[in-house]
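This report refers to the structure that appears directly beneath it.
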Amino acid sequence: MANQAKRDLVSIEDLSTAEILELFHHADEFRANLLGWSDLCRGTIMATLFFEPSTRTRLSFESSMLRLGGGVITAADEKNTSRSKGESLADTVRVVGGSYADILVVRHPEDGAARVAARYANVPVINGGDGAHEHPTQTLCDLYTLWKQKGRLEGLEIVLCGDLRYSRTIHSFCYALARFGANIVTMPYPGFELPDYVLHRLRREFGVQTAAASVSDLPGIAGSSNAAAYLTASKPHQLALYTNLTNVEVNRIDAIYMTRAQRERHSGEETLNYPRLTRSTLGAAAAKDASIMHPLPRVDEIDYEIDDDPRSIYFRQAELGVPMRMALMAFLLGKIQLRAGRPATMAVAPGIVAGPGLRCRNERCITNNEGVRYLVRDFRLRDNEVPPLLTCAYCEREIEARFVGDSQARTVFRYNAPEARHVEPAHRVYFESEAQAQAAGYGAAGG
Ligand code: NCD
C-alpha cells in the first residue's frame, strides 16, 4: 500500500495542536506577502479530485498552489471522470498520485472516502470533505480566523447552530475546539443534533462533559430548538471550569457558527423554521461581541443585512483560506519544516480481526458503497470500553461487539463470560450478535 512516510490530512486529528499553531504563524507570513512565494513549490503539481460540488475549497486550493508557484490539474466534475464509468476512488488516486501529481485534494460524497484515498495514493492526500464525516481544512481556516480575531482559542464560548448532524465542517471543528480548550454550546435544528459517535469521541478523547445550556438571551436563534447543550473539555487543558455541570447559563458568546441545512444528505426531511441570524437575534446582550461565522455557502440562515455588521467574519474565513492552505501544502510537501511534533495518537491501535459478517453500521460509509468491491473492512478496538467497542477505520462509526469468538476452536462467548477473557488475543474475533457468529460457523462452547 501507499508510502508510509508521507503525511496526509484526513481528520483534524492528523495534526497536533502545536503543529496547527505553528501553521498559523506560517499562514501569517504567507499572507503578509501573498505574491512573494512563487518559487517555494515551483515544479510541483497539485491535483484536485472533486466528486461533489465546491466553490471555495477547490478554488482556494488551486489559488494557493498557483501562488506557491506550482501547477494545478483538476477533475472538478465527476461526470467528466472515469468514476462515471465505474472506476474506484482507489484506482483513480493510484493513477493521479503516480506520475501526474505530487499532492491530492479529494472531495467525495461517501463517509470515509478520504481515508481510502490516503491509503491508496503514494503522495499526500488532503480531505476536502468526505460525506458527512470531516472537513479538516475548513476547520483550519475557521480556527485561524477565530484565533486572529480573538487572540486565543482557549476558554472561548462558541455556539454551533443549524444542521449539526450532517455538517462535516462542524464535526472537525468540534474536535479542534475541544482540543484547544474552547467550550461548545450546541443549538441544533431539532432532529439534527450532533451524532452520537462525535459526542462519544469528544468524551473519550477530550474528557468532554455535557450539560444543559440555557441561552435565554438569544431567542429564536435555533428556530424552535430548546435543546441547547453545553460541552466543556476537561483535558488536555484541564480546564475543568465547571465541576458541577447541571445547567450552564451562557451570558457571553464569543462566536456563533451557523451552518446551512445539508439537504443533499437528507432523506427528504422538512427544514421549516430553520434558524436564521438577523439583526434582531444579534441584538441580544450575550451576542454583543460574538463573531458571526459560517463555512459558506449560505442559503437563508444569515440575513444579508448583517453582512456589514463588524461582527460578521464569514467572508474573512474564506479569504484566510488561501494563506492557510498555502501553509498546509508547503508543510505536507516538505517545503517548510515544523518544529512541533506530530500527534501522539497517530500511532493508532492496530486493526483487529473483525468477525466475518461484521460490517459498518453507517450506510453512507464507503465500505458499504463503492468500497464493497474492494475494501477490506477494518475496525479499531477502543481501549477500556465494556462491551468492547469497535470503530470503523474509515468513517469512525462505532459498533458494540457483544460476542467474542475463538478463531481456533470456532467457539463464541458473550463478551462478559469468563471464557471470553481467556481467548488468546491473537485468536480473538469480534461479532455484534450470536446470529452473526453462527452464520460465520462459530458455535457455543460444548454445544
Ligand atoms: C462546506 C462543505 O462543503 O462542507 N463548504 C465549504 O467547503 N466551505 C459547507 C457546506 O457545504 O455547507
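Quick notes on this structure:
- Of everything in the range 285-310 that is open to solvent by less than 10 Å² (accessible area, probe 1.4 Å) and more than 16 Å from the ligand (Cβ to nearest atom), the residue that is nearest to T57 (Cα to Cα) is S291.
- Among the residues of the range 110-157, those identified as of a type outside the set (D, E), farther than 18 Å from Y197 by Cβ and part of a loop (DSSP other than H, G, I, E, B) are A121, N122, V123, P124, G151, R152, L153, G155, L156.
- Of the criteria (1) on the phi < 0 side of the Ramachandran plot; (2) away from the ligand (no atom under 16 Å from the Cβ); (3) free of Cβ contacts under 8 Å to residues at least 12 places away in the same chain, which one E319 fails: (2)
- S99 being farther than 27 Å from I170 by Cβ, among the hydroxyl-bearing types (S, T, Y), out of contact with any strand residue (DSSP E or B) (no Cβ under 9 Å at 6 or more places or on another chain) and open to solvent by 50 Å² or more (accessible area, probe 1.4 Å): yes
- Residue within the range 28-38 that is out of contact with any strand residue (DSSP E or B) (no Cβ under 7 Å at 6 or more places or on another chain) and of a type in the set (D, E) present: yes
- Taken over the range 76-92, the criterion of being in a helix (DSSP H, G or I) and more than 16 Å from the ligand (Cβ to nearest atom) is satisfied by K79, N80, S82, R83, S84, K85, L89, A90, D91, T92.
- Among the residues of the range 59-75, not a single one is in a strand (DSSP E or B), touching a residue at least 12 places away in the same chain (Cβ under 8 Å) and closer than 21 Å to R364 by Cα.
- Residues (open to solvent by less than 10 Å² (accessible area, probe 1.4 Å) and part of a helix (DSSP H, G or I)) located in the range 175-190: Y175, A176, L177, A178
- Taking every residue in the range 257-273 that is at positive phi and of a type outside the set (K, R) and pairing it with any residue that is open to solvent by less than 50 Å² (accessible area, probe 1.4 Å) and part of a loop (DSSP other than H, G, I, E, B), at least 6 positions away or on another chain, the pairs with Cβ-Cβ distances below 6 Å are N273/G223.
- Selection of the range 25-54 for residues being within 16 Å of the ligand (Cβ to nearest atom) and not in a strand (DSSP E or B) yields F51, E52, P53, S54.
- Residue satisfying condition, being within 30 Å of L35 (Cβ to Cβ), surrounded by 18 or more Cβ atoms within 10 Å (Cβ to Cβ) and aromatic (F, W, Y), within set F379, F315, F331: F331
- When residues of the range 150-183 are limited to those that are farther than 20 Å from R276 by Cα and of a type in the set (S, T, Y), the one farthest from the ligand (Cβ to nearest atom): Y175
- The criterion of at least 1 residues that are closer than 30 Å to A213 by Cα and modelled with pLDDT of 95 or more is met by the following strands (runs of 3 or more DSSP E) wholly inside the range 234-345: 255-258, 291-293.
- Within the range 191-207, the residues that satisfy the criterion of being in a loop (DSSP other than H, G, I, E, B) and at pLDDT 90 or above are G191, F192, E193, L194, P195.
The values are calculated or read from the model by the stated rules, or taken from the named source; none is laboratory data. It should be emphasised that the depicted structure is a prediction, and the values quoted were computed from it without experimental measurement. Glycine gets a Cβ as well: all are built from the backbone with ideal geometry, and neighbour counts include every protein chain shown. Only protein heavy atoms, including side chains, enter the accessible area calculation; ligands, DNA and RNA are left aside. Shrake-Rupley method; radii C 1.70, N 1.55, O 1.52, S 1.80 Å.
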